[in-house]
Amino acid sequence: MIDLRSDTVTVPDAAMRQAMAAAPVGDDVYGEDPGVNTLQEKVADLLGHEAGLFTPSGTMANQVGLAVSVTPGTELLAEQTAHILRAEMGALAAVFGVTTRTWRGERGRIDREAIEAQIAPAYSPFLVSTSAIAVENTHNFGGGTIQHWDDLVGLRHVADKHGLLLHLDGARLWNAHVATGIPLSDYGRLFDTVSVCFSKGLGAPVGSVLVSSRERIAAARVWRKRLGGGMRQVGVLAAAAEHALEHNLADLTTDHDNAQHLARALGGIPAAGVDPTNVDTNIVVLDLGLSPWSAAALGGAAAQRGVAVSVLGPDTARLVTHRDVSTADVERAGEVLVDVLSQEPLGSGGH
Ligand SMILES: *Cc1c(COP(=O)(O)O)cnc(C)c1O
């Protein structure tokens with residue numbers, strides 16, 4: 001099976017497993033795991049922040065980052081299809097007492113005017129106060145969209161003007177960095193809290209890091225424990241993350257090239273609803289609105305021919321390239337998908 005459902009399906013390779021096996025470990029609840037401490041410092045440094053916190057998932061990194069930035073009973077602004085709103089199981093409401101309002105950005109982009117128009121002043125007896133704004137870079141459901149640098153800088157000005165904190169869901173910030181060449185620290189310094197993920201394109205089995213000020217990270221550490229995320233000899237996992245950072249970061253360019261291969265193949269048939277110029281990184285979104293195929297039917301037919309795709313909505317399918325699919329795999333997947341989409345769906349396979 002050529003698995004293009006997500007870049008989370010990668011498995012640790014032999015070199016990464018060796019690094020994990022060799023990791024010196026200690027009890028991280030006591031702050032004594034050397035590999036975890038090194039990783040946290042290194043990632044904080046890379047992103048231009050004072051301190052870091054290793055978490056078991058990107059979701060937990062985002063949520064503890066927001067827990068220390070957004071007071072219960074105040075609100076967070078985020079893009080309508082943000083991962084923190086759509087895929088983190090309502091944690092902001094269910095766990096943290098935070099409400100949200102959204103803007104709709106083209107492919108998940110920042111819309112400064114729409115955001116500024118939504119900001120509600122602090123301490124009003126009439127309206128919920130806005131505390132923070134969250135940005136996703138790259139934007140997952142938007143199709144791996146890279147946020148424009150000018151929009152990020154502009155949003156920082158907006159946040160400062162209104163006294164708001166800025167959170168970056170940087171699960172795939174690595175991809176934006178590799179594609180644009182903009183230093184990670186330039187991206188990182190624009191935000192008060194940043195989460196990054198090692199279990200996506202970098203290929204580690206698990207793990208994220210949240211970076212921020214020393215004070216906020218100390219508070220986030222308490223929240224992590226409260227959520228059951230106090231971890232012990234977790235240096236075996238930090239070793240995988242560190243190995244990923246040292247050895248796999250530059251390979252993301254190959255994933256981006258492979259996504260372009262796929263996008264160009266699919267761009268040749270209007271039914272696929274793919275515009276290669278909208279593919280910024282490693283994610284290709286198919287908009288099947290004009291095709292007789294539903295996303296579910298396409299998913300079924302492709303799977304029968306050895307290609308796994310994600311079904312994100314009735315008309316939306318997603319392909320994600322990653323280090324465990326080769327250029328030859330991707331070329332083969334493109335052929336299969338073009339072939340399937342060039343035919344009529346069988347029986348009730350359509351909309
Ligand atoms: C994957 C992802 C996360 C974190 O997901 P986990 O599965 O909890 O690691 C956060 N944000 C975005 C944009 C993601 O794609």
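Readers should treat all values here as calculations from the given coordinates under stated rules, not as data from a laboratory. All figures in this text were calculated on a predicted structure; none of them were measured in a lab. For neighbour counting, all protein chains shown are included, and Cβ atoms are generated from backbone atoms with ideal geometry for every residue, glycine included.
Quarter the surface of the alpha carbon convex hull of the chain and you get the mean projected area, 17.8 square nanometres. Summary of packing: across the peptides 33-42, 264-273, 63-72, the per-residue average of other C-beta atoms within 10 Å ranks them, highest first, as 63-72, 33-42, 264-273.
Count charges around Lys42 for me, please; just the other residues with Cβ under 10 Å from its Cβ, Lys/Arg as +1, Asp/Glu as -1. Net charge around Lys42: -4.
Rg of the Cα atoms in the stretch 48-98, relative to 2.2 N^0.38 Å, amounts to 1.16.
When the inverse distances between all different Cα atoms of the stretch 226-351 are averaged and flipped, the Kirkwood radius reads 16.0 angstrom. As a rough footprinting exposure proxy, the listed residues Lys200, Lys161 were ranked by other beta carbons within 10 Å of their own, and the order from fewest upward is Lys161, Lys200. Taking the Cα atoms of the stretch 126-196, the ratio Rg/Rh between the radius of gyration and the Kirkwood radius comes to 1.00.
In the chain, the DSSP-assigned H stretches of four residues or longer account for a calculated mean residue ellipticity at 222 nm of -12000 deg cm²/dmol, using -39500 (n - 2.57) per stretch and the full residue count as denominator.
Can you give the angle from 0 to 90° between the axis of helix 252-267 and the longest principal axis of the chain, with both taken from C-alpha atoms, to the nearest 10? Helix 252-267 and the main axis of the chain meet at about 40 degrees. The long axis of helix 149-162 is offset from the longest Cα principal axis of the chain by roughly 40 degrees.
The simple spin-label model puts a point 7 Å past each Cα toward its Cβ; for Val95 and His157 those points are separated by 3.6 nm. Each residue in Glu215, Glu32, Glu344 was given a count of other beta-carbon atoms within 10 angstrom of its own, and listing them fewest first yields Glu344, Glu215, Glu32. Please give every one of the aspartates and glutamates within straight-line cross-link reach of Lys42, meaning a C-alpha to C-alpha distance under 18 Å, and leave out same-chain neighbours fewer than 8 residues apart. Excluding near neighbours in sequence, the set is Asp28, Glu32, Asp33, Glu50, Asp186, Asp192, Glu215, Glu242, Glu246.
For an R0 of 30 angstrom, estimate the FRET efficiency from the Cβ-Cβ distance between Gln80 and Ser124 and round to the nearest 0.05.
Plugging the Cβ-Cβ distance into 1/(1 + (r/R0)^6) gives 0.80.
Relative to the longest principal axis of the Cα atoms of the chain, the long axis of helix 58-67 makes an angle of roughly 40 degrees.
Among Met60, Met231, Met89, a tally of other beta-carbon atoms within 10 Å of each Cβ gives an order, fewest to most, of Met89, Met231, Met60.
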